[in-house]
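Written below as structure tokens is the structure these notes are about.
None of the figures in this text is laboratory data; all of them are computed from the coordinates on show. Given the structure is predicted, the values throughout are model-derived calculations rather than measurements. Here the Cβ is made from the backbone with ideal geometry for all residues, glycine too, and neighbour counts use every protein chain on show.
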Amino acid sequence: MTRHRSEAISAPLSAPQRHRVLELVQRRFGIRDSDYGASRIDAAVKLVLPTTEYPDVTQLLASVTDESTPRWLFELVQFLTVGETYFFRDPAQIAALRDAILPEAIARRGIERRLRVWSAGCSTGEEVYTLAILLLQRNLGADWDISLVGTDVNRESLRVAREGRYPAWSFRSTPDTVRDRYFEPGTGGWRLTEDVRHMARFSWMNLGADDLMAPVTDADLVVCRNVTIYFDDVATQRLYRTLISALAPGGWLMLGPSDPLPTDTRNLERVEVAETILWRRLTVATPERPRSVPTITPRRTMPRLVRPTPSGNELDAGLLALEAGSPGSALEWLRRATFRQPDNALAQFALARAYAALGDQQRALAAFAHTRRLLDAFGADDLVPGSDSLAVGTLRQTVAGFVDQLAA
Ligand SMILES: C[S@@+](CC[C@H](N)C(=O)[O-])C[C@H]1O[C@@H](n2cnc3c(N)ncnc32)[C@H](O)[C@@H]1O
């Protein structure tokens, strides 16, 4: 068996197998077929195959179904992403954040004294900690409630981010004074001081999934830089919709300078700050009617769009209605979804959000508590059942954020 396996993995992939793997990566993670991916695919499969129960690439590929993404594909994608990042990346964008965006957000939140920031595709954490340092430099009082969340699909990058230890190369754009103030020298580089490390938390998330759910709501700033340059158009615009939906009215979206632009700008204003382009969520949003669920109004009888099987359609319709700002319609769909699938944590979570959006705090808290109970059986790194993008730990943190918000 061992000999068989080693023979199987020493042979290069056939052209159709290579094509199939790249196609799967694109479909499940949004990452489009690139020279970079193609050049690494054989080596990546070679590393991942022995960690699975499959003896060869043919059987590995046969394990993929339409319904689920097998674990090996999550492992494999980590070898195909580009994790290039460093502190204080892009001086114009950093100047815009330091001199305009963060001061504006701090002034706007002056009464609540809270800020929410999401770095989507944070790699090894330099971007998140840059934001933490920029905030520390503003000397906000200890009574500020600051939430800085970094998400990435690469678990090894997230491990490095949590550890907060960096080589000299990460500081190529960082003034020595800043490095000396916020880092302690150690073996092989510098480690962030504990106060900076504690400001940030990191979660696994697949930004290319079609059921993507933001890990924060009411965010003041969402940063997604140098991620969608590797995505196909559909995944890029789908991701942008989720990023925008996470923003508070007046909240800011910062993309990388070479990233594609959002095409649906109905709820967005384009703002130029210090030679950098940003997007800002309008304070009065234009209601958006999703085309895929034209009959969002609840009916007594089952609408034709919904298959009479306990599929995810009611949940999808509920989520779309929530996103479109119709919590009343969402509630109807989500009640049906949770009735049909009482153990579905995603449906329970969405139901809680619909109650929260309708101002029914008691029912919202009960549904959030039920979501937590449904997640109890899983580890933080497991995927939420029925989702290809959301880790259990991320959903737990998101629920905690909502509960805190309701309590406030
Ligand atoms: C070039 S780095 C950008 C890091 C940082 N935002 C910056 O600009 O310095 C791109 C990051 O996106 C992540 N990424 C790529 N595809 C992803 C996906 N489908 N879901 C989540 N993260 C993804 C990669 O793992 C990588 O860490």
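Quick notes
- Remark: region 54-59, residue by residue, has Karplus-estimated 3J(HN,Hα) of 8, x, 8, 5, 4, 6 Hz, where x stands for each Gly or Pro and the curve is 6.51 cos²θ - 1.76 cosθ + 1.60 at θ = phi - 60°.
- Shape analysis of the chain places it in the oblate category; the axes a ≥ b ≥ c from the Cα gyration tensor give an a/c of at least 1.5, with a/b not above b/c.
- The peptide list 163-170, 276-283, 385-392, put in order of mean Cβ contacts within 10 Å with the highest first, becomes 385-392, 276-283, 163-170.
- Region 156-167 - phi-based ³J(HN,Hα) in whole Hz, Karplus 6.51/-1.76/1.60, Gly and Pro as x: 5, 4, 5, 4, 4, 4, 5, 5, x, 10, 10, x
- Over the chain: helical MRE at 222 nm, DSSP H runs n ≥ 4 each giving -39500 (n - 2.57), nearest 500: -13000 deg cm²/dmol
- Antiparallel beta bridges, as assigned by DSSP with both residues in the chain, represent about 45 percent of the total such bridges.
- Relative to the current alpha-carbon distance between residue 43 and residue 66, full extension at 0.36 nm per residue lengthens the span by 5.8 nm.
- Checking every one of the trypsin sites (Lys or Arg not before Pro) in region 171-255 against DSSP loop status and a limit of 16 other Cβ atoms within 10 Å picks out 172.
- Listed residues 335, 109, 155, most fluctuating in the chain (Gaussian network, C-alpha, under 10 Å): 109
- Cα shape, region 51-161, gyration tensor, a/c 1.5 rule: prolate
- Karplus (6.51, -1.76, 1.60) ³J(HN,Hα), θ = phi - 60°, over region 241-256, in Hz, Gly and Pro reported as x: 4, 5, 4, 5, 5, 7, 7, 6, x, x, x, 10, 10, 10, 9, x
- Computed from the Cβ-Cβ distance with R0 of 41 Å, the FRET efficiency linking residue 145 to residue 20 stands at 0.30.
- Length released on extending from residue 100 to residue 282, taking residue separation times 0.36 nm less the Cα-Cα span: 63.8 nm
- Summarising the amide proton neighbourhood of residue 146: residues at separation of 5 or more, or on other chains, whose placed amide H is nearer than 5 Å comprise 115.
- Packing-based exposure ordering (other Cβ within 10 Å, fewest first) of 79, 183: 79, 183
- Segment residue 408-residue 340, length gained on full extension (0.36 nm per residue, minus Cα span): 21.2 nm
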